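The values are calculated or read from the model by the stated rules, or taken from the named source; none is laboratory data. Because the structure is a prediction, the values reported are computed rather than measured. Don't worry about glycine lacking a Cβ; one is built from the backbone with ideal geometry, like all the others, and counts go over all protein chains shown.
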Amino acid sequence: MSLTNASETALLNLMFANENFANVGDATGLRGSSTAGSFYISLHQSSPGEAAAGGQQENEADYTGYARVAVARTSGAWTVSGNSVVNASSIAFGACISGSNTITHFGIGTSSSGAGSLLFFGSIGSLAVSAGITPAFAPGAMTITAD
């Protein structure tokens, strides 16, 4: 079973922009949160996979200086178009002080640290991180697709 295009867009708007999903349940639909909160973006050294047994920390980056980055659940932080959503502004992580990682994936989850719940993940190719490197996503560089 698949979601319709309209449902994909509405679901992404509910999750990322905190907008109501109209006409589901009652006339007001599935309502956005009274306080939108944030998602936490993580970097991973390999695919965390759909099962993500370790939650958001599955294969997570561990270089010195790394921490997840909070991004608000608002239309100013995310742009939804059809069945895709992209980051609307730059997302920069802490600079590598020491250690090294090869980053291949990003994750979007619910916790600023620890296991948390990993909600989405995607591939970014391969990024070598070592001392002095500050990983970042330019606006529009992170794409999440619902299908």
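Annotations for the structure displayed:
- The combined condition, being of a type in the set (Gly, Ala, Ser), surrounded by 13 or more Cβ atoms within 10 Å (Cβ to Cβ) and in contact with a helix residue (DSSP H, G or I) (Cβ under 6 Å, 6 or more places away or on another chain), is fulfilled by ALA146.
Residue-wise test of (1) basic (Lys, Arg); (2) surrounded by 15 or more Cβ atoms within 10 Å (Cβ to Cβ); (3) more than 17 Å from the chain's Cα centre (by Cα).
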{"residue": "ALA6", "(1), (2), (3)": "no, no, yes"}
{"residue": "LEU11", "(1), (2), (3)": "no, yes, no"}
{"residue": "SER34", "(1), (2), (3)": "no, no, yes"}
{"residue": "TYR63", "(1), (2), (3)": "no, yes, yes"}
{"residue": "VAL69", "(1), (2), (3)": "no, yes, no"}
{"residue": "ILE97", "(1), (2), (3)": "no, no, yes"}
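- Looking across the range 9-31, the residues that are free of Cβ contacts under 8 Å to residues at least 24 places away in the same chain and within 19 Å of ALA146 (Cα to Cα) come down to ALA10, LEU14, ASN20, PHE21, ALA22, VAL24, LEU30.
- Considered as a group, the residues in the range 119-140 that are at pLDDT below 95 and closer than 20 Å to THR9 by Cα include one that is surrounded by the most Cβ atoms within 10 Å (Cβ to Cβ), and that residue is PHE121.
- Enumeration of residues in the range 82-99 that are under 19 Å from ASP147 (Cβ atoms) and either in a loop (DSSP other than H, G, I, E, B) or without any contact (Cβ under 8 Å) to a residue 12 or more places away in the chain (or both): GLY82, ASN83
- The set of residues in the range 3-29 being modelled with pLDDT of 85 or more, more than 14 Å from SER81 (Cβ to Cβ) and part of a loop (DSSP other than H, G, I, E, B) consists of LEU3, THR4, ASN18.
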